[in-house]
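Input: a single structure, listed below in structure tokens.
The values are calculated or read from the model by the stated rules, or taken from the named source; none is laboratory data. The model shown is predicted, which means the values in this text are computed figures rather than measured ones. Here the Cβ positions follow ideal geometry from the backbone for every residue, glycine too, while neighbour counts run over all protein chains shown. When the accessible area is computed, the model is the full protein with side chains, heavy atoms only, and any ligands, DNA or RNA have been set aside. Shrake-Rupley method; radii C 1.70, N 1.55, O 1.52, S 1.80 Å.
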Amino acid sequence: MLARKSPSIVVFAILVTAMLCVASCATTRSDENFRLKTARAIGGVTSEQVTISNLHTWMKKSPGGFELAVSPVSANWEAETPKGHYKCESYDWLKRGANCLKQ
């Protein structure tokens, strides 16, 4: 006879699997979004010409801790383009574009 697993272990396994799927999808889409926002901020380049590196993202803090969000709220990164090397940041990702400074 097969041993029955605890319902809490099964639910936990399902949640972990779902979180890993969401994280992998968000990472891929996120890079595309950063390239697009960077191209718009710099101007004169397409998102395909932008290479993102040193990407750091974080969630906006609320008084009670961290807020839940589907995508990162704040970020900073570096971008390499045909126009040069840029350092970029965005502190309200869902509402505003990026600010990029040429290095």
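The C-beta contact set for segment 75-92 (first residue more than 17 Å from Gly43 (Cβ to Cβ), second residue among the acidic types (Asp, Glu) and at pLDDT below 95, distance under 9 angstrom, 6+ apart or interchain) comprises Ala75/Glu89; Asn76/Glu89; Trp77/Glu89. Within segment 37-57, residues that are on the phi > 0 side of the Ramachandran plot reach partners that are part of a strand (DSSP E or B) with beta carbons closer than 9 Å, at six or more positions or on different chains, in the pairs Gly44/Thr81; Asn54/Asn76; Asn54/Trp77; Asn54/Glu78; Asn54/Lys87. For segment 74-103, the set of residues classified as of a type outside the set (Lys, Arg) and at pLDDT below 75 consists of Trp93, Leu94, listed by residue number. Scoring Ser71 on the criteria (1) open to solvent by 40 Å² or more (accessible area, probe 1.4 Å); (2) modelled with pLDDT under 80 leaves a single failure, condition (1).
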